[in-house]
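K.L.:
The structure under discussion is supplied below as structure tokens; questions concerning it will follow.
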Amino acid sequence: MCGIVGAVAERNITAVLVEGLKRLEYRGYDSAGVALLNEAGELDRRRRVGKVSELEAALKAEPLPGRVGIAHTRWATHGAPSERNAHPHFSGHQLAVVHNGIIENHDALRDQLKSLGYSFSSDTDTEVIVHLLDHTLKSEPDLTAALKVAVKQLHGAYGLAVISAKQPDRIVAARSGSPLVIGLGLGENFLASDQLALRQVTDRFMYLEEGDIAQICRDEVQIWDIDGKAVKREQVQYHEGAEAADKGEYRHFMLKEIHEQPSVVQRTLEGRLADDHVLVQAFGPQAADIFAKVKNIQIVACGTSYHAGMVARYWLEELAGIPCQIEVASEFRYRKVVVQPDTLFVSISQSGETADTLAALRNAKDLTPEQGGYLASLAICNVGISSLVRESDLTLLTLAGPEIGVASTKAFTTQLVALMLLTLAMGRVRGTLDPQLEAELVAELRRLPTRLGEALAMDAVVEKVSEHFSEKHHTLFLGRGAQYPVAMEGALKLKEISYIHAEAYPAGELKHGPLALVDADMPVVTVAPNNELLEKLKSNLQEVRARGGELIVFADEKAGMSNGEGTHVVNMPHIHDALAPILYTIPLQLLSYYVAVLKGTDVDQPRNLAKSVTVE
Ligand code: G6P
């Protein structure tokens, strides 16, 4: 994923920019570059394909000192990874830009700018921004004012930063759909796409909001909102302990990671949504071409990631109308599979290093067209520099940040978000998704972080419910439709960290076996959103109550379910049915967490389990 770093100071800032880029390396990238105003006040740059260390070596061989500069790590969306496509991009020798996100109307803007005499030196969408700004400067010579005018013509998503040799006192920046944060120093100020990049230089930050334009000088930062009104954004002091590798105020990493879900889901959405649709290019430069040819999808994954894939199968078939199969990687890799023509191979993995998942991908890639090979491969992964990402044709990174607790939580919900983006992108490219539903789901995705926050606010209620489990040895989880895999994930969480035997069943299967187990010692946990399967689910629950089983039901507030003898109902905030699997995961995570705490187990490092299983 692309990263931005910028600095305006009295000292030479080359090392600050390079260090910032290194701190963003974990997100994955294919090239890196830096542009500075040198001692003579001229714009100069260095760009390299590959690692930041190669850019660093280039800067060592040919130093580029300066006091105002911008830098970038690029993850190709338009145009292959190459030096000419790496940012910063220039317009003449005056203006440089770095950009995260996707400019959708770049073709039209490119034609317009070409007719005005601009020539392009890259295949990127980004280059239109810098020429458009240059053109705007002809009628509005102030850089900040010109940026305010120019961004109005950009459609898509962007976080961008610009420097100019004509106004060398500043960086100007704009945010719409891709995050930017300003780092405040003493007599110097900074900019980045993630505050992590600036921790070495400051602990005070100001987050830009959607539509903001900022002017960052050495001694002053000015911000204007989407309506052009001067605004002040709150200053946030970073405290030690907010680090991923630190539990901070939380008792366990798992609880901290559960509570991080609204922000990491937000991050996973950023830069990938336009007004009413998903930006297909977020999956890579060839995504639109490949997706247009896909007729089937094969998903492969392990553990929690497998459950995410199971949810995705419901979505892909129902919303995008595309046939989808899913299998655990350890099985898939050892059997002879019949590949349907034009099948996209999708692997899902938090780490990107799970041995079975990697082996399955490699086997899939080894199949020749005569053997019925796959059309292409797509990795949904949390680690940008992992083997899975390197070896797949397309990637969509989840941006959950490092996950320390062995039991996966935030990685799962961000995988679900990524898979919903895939579903919407597929539906769009294939023309199988009703545009109105598409727009509705995009709007719901934008509201999702808030909904997740509401579900997390039920922490104390779930903690109370967990008391029903501490003395129990067996539990049953039930769900229907896309909530069945959510029930599976709930059962997996409980067994992983509390060592209570937990099984998940599709609710309709209850009468075909597990009902025989139900008695007062076997609590039954159910997820019950308000959908067309609700009435059927209610009958299943009656079957449990009739056998003296205790019910714990997480139900939509509009589902009309209430507490009764042996039935404990926890009301959930209402949400669009398609996104319910993401929301209902939260109380099940909290439930397993509190049961484990009551039982006194090692929550973050449960016995016999490993975070990343890189051997068979
Ligand atoms: C291990 C972890 C699980 C994870 C699974 C797959 O079993 O304990 O939390 O879901 O591996 O890992 P991956 O990194 O491929 O998602």
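K.L.:
Can you spot a residue in segment 393-415 that is open to solvent by 20 Å² or more (accessible area, probe 1.4 Å), under 26 Å from E532 (Cα atoms) and not β-branched (V, I, T)?
P.N.:
For segment 393-415, residues open to solvent by 20 Å² or more (accessible area, probe 1.4 Å), under 26 Å from E532 (Cα atoms) and not β-branched (V, I, T): absent.
K.L.:
Shifting gears a bit: Checking the condition modelled with pLDDT of 85 or more, within 24 Å of A443 (Cβ to Cβ) and touching a strand residue (DSSP E or B) at 6+ places or on another chain (Cβ under 8 Å), which residue from H574, H568 passes?
P.N.:
Values: H568 fails: within 24 Å of A443 (Cβ to Cβ).
Selected residue: H574, the only one of H574, H568 that is modelled with pLDDT of 85 or more, within 24 Å of A443 (Cβ to Cβ) and touching a strand residue (DSSP E or B) at 6+ places or on another chain (Cβ under 8 Å).
K.L.:
Can I ask one more? For segment 175-190, check the following and say yes or no: at least one residue is of a type in the set (D, E, K, R), open to solvent by 20 Å² or more (accessible area, probe 1.4 Å) and either over 22 Å from L43 (Cβ atoms) or in contact with a His (Cβ under 7 Å, 6 or more places away or on another chain) (or both).
P.N.:
First, the residues of segment 175-190 that are of a type in the set (D, E, K, R): 175, 188.
Subset that is open to solvent by 20 Å² or more (accessible area, probe 1.4 Å): 175, 188.
Subset that is either over 22 Å from L43 (Cβ atoms) or in contact with a His (Cβ under 7 Å, 6 or more places away or on another chain) (or both): 175.
Yes, segment 175-190 contains at least one residue that is of a type in the set (D, E, K, R), open to solvent by 20 Å² or more (accessible area, probe 1.4 Å) and either over 22 Å from L43 (Cβ atoms) or in contact with a His (Cβ under 7 Å, 6 or more places away or on another chain) (or both).
K.L.:
In segment 289-329, which residues are more than 16 Å from the ligand (Cβ to nearest atom) and over 27 Å from T77 (Cα atoms)? Write out each step before concluding.
P.N.:
Kept after step one, since they are more than 16 Å from the ligand (Cβ to nearest atom), are these residues of segment 289-329: 289-298, 313-325.
Matches in segment 289-329: Y314, E318, Q325.
K.L.:
What are the residues in segment 467-479 that are surrounded by fewer than 22 Cβ atoms within 10 Å (Cβ to Cβ) and not in a strand (DSSP E or B), if any? Outline the logic, then answer.
P.N.:
First, the residues of segment 467-479 that are surrounded by fewer than 22 Cβ atoms within 10 Å (Cβ to Cβ): 467-468, 470-474.
Residues satisfying the conditions are E467, H468, S470, E471, K472, H473.
K.L.:
Would you tally the residues in segment 137-174 being within 26 Å of the chain's Cα centre (by Cα), open to solvent by 10 Å² or more (accessible area, probe 1.4 Å) and modelled with pLDDT of 95 or more?
P.N.:
Number satisfying all stated conditions: 2.
K.L.:
Something else now. Given the options L344, L367, name the one that is more than 14 Å from the ligand (Cβ to nearest atom) and open to solvent by 10 Å² or more (accessible area, probe 1.4 Å).
P.N.:
Details: L344 fails: open to solvent by 10 Å² or more (accessible area, probe 1.4 Å).
Criteria check complete, one pass: L367.
K.L.:
Another one. Across segment 194-238, what is the number of residues that are polar (S, T, N, Q) and touching a Lys or Arg at 6+ places or on another chain (Cβ under 9 Å)? Steps first, please.
P.N.:
First, pick out the residues of segment 194-238 that are polar (S, T, N, Q): 195, 200, 202, 215, 222, 235, 237.
Applying the additional criterion that residues be touching a Lys or Arg at 6+ places or on another chain (Cβ under 9 Å) yields 200, 215, 235, 237.
The total comes to 4.
K.L.:
Quick check on my filter: what residues within segment 27-57 are among the small types (G, A, S) and open to solvent by 10 Å² or more (accessible area, probe 1.4 Å)? Steps first, please.
P.N.:
Here is the first cut: in segment 27-57, the residues among the small types (G, A, S) are 28, 31-33, 35, 40-41, 50, 53, 57.
Answer for segment 27-57, where residues must be among the small types (G, A, S) and open to solvent by 10 Å² or more (accessible area, probe 1.4 Å): A40, G41, G50, S53, A57.
The rows are residues; the columns are (1) out of contact with any helix residue (DSSP H, G or I) (no Cβ under 9 Å at 6 or more places or on another chain); (2) open to solvent by less than 40 Å² (accessible area, probe 1.4 Å); (3) small (G, A, S); (4) not in a helix (DSSP H, G or I).
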{"position": "A443", "(1), (2), (3), (4)": "yes, yes, yes, no"}
{"position": "R451", "(1), (2), (3), (4)": "no, no, no, no"}
{"position": "E454", "(1), (2), (3), (4)": "no, no, no, no"}
{"position": "A460", "(1), (2), (3), (4)": "yes, no, yes, no"}
{"position": "K464", "(1), (2), (3), (4)": "no, no, no, no"}
{"position": "K493", "(1), (2), (3), (4)": "no, yes, no, no"}
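K.L.:
A further question on this structure: Please find, within segment 79-136, the residue that is modelled with the lowest pLDDT out of those that are among the acidic types (D, E) and touching a Gly at 6+ places or on another chain (Cβ under 7 Å).
P.N.:
Looking only at segment 79-136, we keep the residues that are among the acidic types (D, E), and these are 83, 104, 107, 111, 123, 125, 127, 134.
After this cut, where a residue has to be touching a Gly at 6+ places or on another chain (Cβ under 7 Å) as well, the list is 104, 123, 134.
Details: E104: 91, D123: 94, D134: 98.
Filtering first and then ranking leaves E104.
The values are calculated or read from the model by the stated rules, or taken from the named source; none is laboratory data. It should be emphasised that the depicted structure is a prediction, and the values quoted were computed from it without experimental measurement. Don't worry about glycine lacking a Cβ; one is built from the backbone with ideal geometry, like all the others, and counts go over all protein chains shown. The protein model used for the area step is the full one, side chains on, heavy atoms only, and it has no ligands, DNA or RNA in it. Shrake-Rupley method; radii C 1.70, N 1.55, O 1.52, S 1.80 Å.
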